[in-house]
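**Student:** A single structure is presented below for examination.
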Amino acid sequence: MGEPSKPLVSVVIPHWNGIEVLAECLESLQRCSYPNIETIVVDNASTDGSPEWVEANHSQVNLIRSEENKGYAGGCNRGAEVASADYLLFLNNDTVHEPDWIEPLVSTLEENHNIAAVQPKILNYFEKELFDYAGGSGGHMDILCFPFLRGRLFMTREKDSGQYNDVTDIFWASGTAFLVRKSVFEEVGGFDETFFAHQEEIDLQWRMHLAGLDVAVDPASVVYHRNAVTLAMHSPQKKYLNHRNSLLMMLSNYSLPMAIYLFPIRLILEFIAALYAMALFDFGHVGAIFKSLFWILIHPHVIHKRRKRTGSLRRLKDRDILSKFYRGSVVLDYYILRKRRYSDLMPSPSR
């Protein structure tokens, strides 16, 4: 039984193969000082005996078996359905954690009811002085829907010297680890399973912003992430999902006039990226870009359905949402102007 003064937190871990990383994650959770959690592992049809291992070694875990791999989005949605708590903590299976990492996240949501979701500071598992590729100290996005992090721009990571230790508003909290109010998660429709994996958390939190809510980071909470365990960093499938899902967000979550205005500009950058990848003989990346564009072309019905949903949630106009975006192009700033640090792009105001 947990302490009555501490709200219950449901930790939802989607999992597909890799017993060794899941074992370390669950052992780390057992060392957490937060007294009132339930742990839910959603197994996405693993083929390595993971469900049997969980049953044999972690009887306290609520194990949910899926008959097919529904990815991060589907796994998290299934876990949320059975969660008992008012707070959902979505967590990658390839993470370990400081013992007191949950307390600051809960406190942030308890103290400000307009914050819908909050993430910890996410450092790299292997190089703990560096911010991780997936999460850093909170996510932002430019108006063309290219995401970036406090602590990481594209392939350039910064050392953590406390420069992003402020509790502050961000645009998106990393799916690696973030705490969200279950009521808000359900209100905005949960994760879109069309995404399968990658950027589904950005899409989810964009809908939260549309509903007039905020997202934050509390770096007093610290998590370490292995990164790219499920899909290798340079996997063509990962690149395809990142390109496709980013385009899907742009066409679905902006108002129609803004989407029509911005999409041609984004399309030009897609073709430039394909030419750049071709020059590097990275034909897997070239294929991923054109595969993503083809998917967008033949799925207008999906975009239409998503637009209807975001329209029903919209409380803020685009001009209000745009104030939360980086108004320049992070791609041009990084590759042309050679800006390599988050602080080169924008200040980091404290809440």
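**Student:** Which one of these is modelled with pLDDT of 95 or more, surrounded by 15 or more Cβ atoms within 10 Å (Cβ to Cβ) and charged (D, E, K, R): Glu38, Glu20, Glu81, Glu27? Write out each step before concluding.
**Tutor:** Values: Glu20 fails: surrounded by 15 or more Cβ atoms within 10 Å (Cβ to Cβ); Glu81 fails: surrounded by 15 or more Cβ atoms within 10 Å (Cβ to Cβ); Glu27 fails: surrounded by 15 or more Cβ atoms within 10 Å (Cβ to Cβ).
Just one listed residue meets the conditions, Glu38.
**Student:** Helices (runs of 4 or more DSSP H) wholly in the stretch 246-313 with at least 3 residues that are in the same structural domain as Phe191 (by TED's automatic domain parsing) and more than 22 Å from Ile202 (Cα to Cα) - which ones? Give the derivation first.
**Tutor:** Working: elements: 256-279, 283-298, 300-313.
Passing ranges: none, list empty.
**Student:** Does the stretch 304-331 hold any residues that are among the aliphatic types (A, V, I, L, M) and surrounded by fewer than 16 Cβ atoms within 10 Å (Cβ to Cβ), and which are they? Talk me through it step by step, then tell me what you get.
**Tutor:** Of the residues in the stretch 304-331, the ones among the aliphatic types (A, V, I, L, M) are 313, 316, 321-322, 330-331.
Within the stretch 304-331, just Leu322 meets the criteria.
**Student:** Can you report the number of residues in the stretch 102-127 which are closer than 21 Å to Asp214 by Cβ and more than 17 Å from the chain's Cα centre (by Cα)?
**Tutor:** Going through the stretch 102-127, the residues closer than 21 Å to Asp214 by Cβ turn out to be 102-122.
Next, from what is left, pick out any that are more than 17 Å from the chain's Cα centre (by Cα): 102-104, 106-114.
Counting residues in the stretch 102-127 that are closer than 21 Å to Asp214 by Cβ and more than 17 Å from the chain's Cα centre (by Cα) gives 12.
**Student:** Could you list, ordered by first residue, the pairs with Cβ atoms under 7 Å in which the first is in the stretch 280-302 and within 14 Å of Arg244 (Cβ to Cβ) and the second is of a type in the set (Val, Ile, Thr), at least 6 apart or interchain?
**Tutor:** Val302/Thr194
**Student:** Right, here's the next one. Residues of the stretch 158-176 being assigned to a loop (DSSP other than H, G, I, E, B) and farther than 15 Å from Asp214 by Cβ, which ones?
**Tutor:** First pass over the stretch 158-176, keeping only residues assigned to a loop (DSSP other than H, G, I, E, B): 158, 160-167, 171, 173-176.
Matches in the stretch 158-176: Glu158, Asp160, Ser161, Gly162, Gln163, Tyr164, Asn165, Ser174, Gly175, Thr176.
**Student:** Could you list all residues from the stretch 17-55 that are within 21 Å of Glu68 (Cα to Cα) and small (Gly, Ala, Ser)?
**Tutor:** Of everything in the stretch 17-55, those that are within 21 Å of Glu68 (Cα to Cα) and small (Gly, Ala, Ser) turn out to be Gly18, Ala45, Ser46, Gly49, Ser50.
**Student:** Could you list, in sequence order, the residues of the stretch 57-73 that are in contact with a Pro (Cβ under 8 Å, 6 or more places away or on another chain) and buried (at least 17 other Cβ atoms within 10 Å of the Cβ)? So that I can check it myself, show each step before the final result.
**Tutor:** Start the filter on the stretch 57-73 by keeping residues that are in contact with a Pro (Cβ under 8 Å, 6 or more places away or on another chain), which leaves 63, 65, 71-72.
Those that are in contact with a Pro (Cβ under 8 Å, 6 or more places away or on another chain) and buried (at least 17 other Cβ atoms within 10 Å of the Cβ): Leu63, Gly71, Tyr72.
Residue-wise test of (1) within 16 Å of the chain's Cα centre (by Cα); (2) among the aromatic types (Phe, Trp, Tyr); (3) in the same structural domain as Ser84 (by TED's automatic domain parsing).
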residue	(1), (2), (3)
Asp132	yes, no, yes
Phe148	yes, yes, yes
Arg152	yes, no, yes
Glu158	no, no, yes
Asn165	no, no, yes
Trp172	yes, yes, yes
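The values are calculated or read from the model by the stated rules, or taken from the named source; none is laboratory data. If you're wondering where the values come from, they're calculated on a predicted model, not measured in any experiment. All Cβ positions, glycine included, derive from the backbone under ideal geometry; neighbour counts span all protein chains shown.
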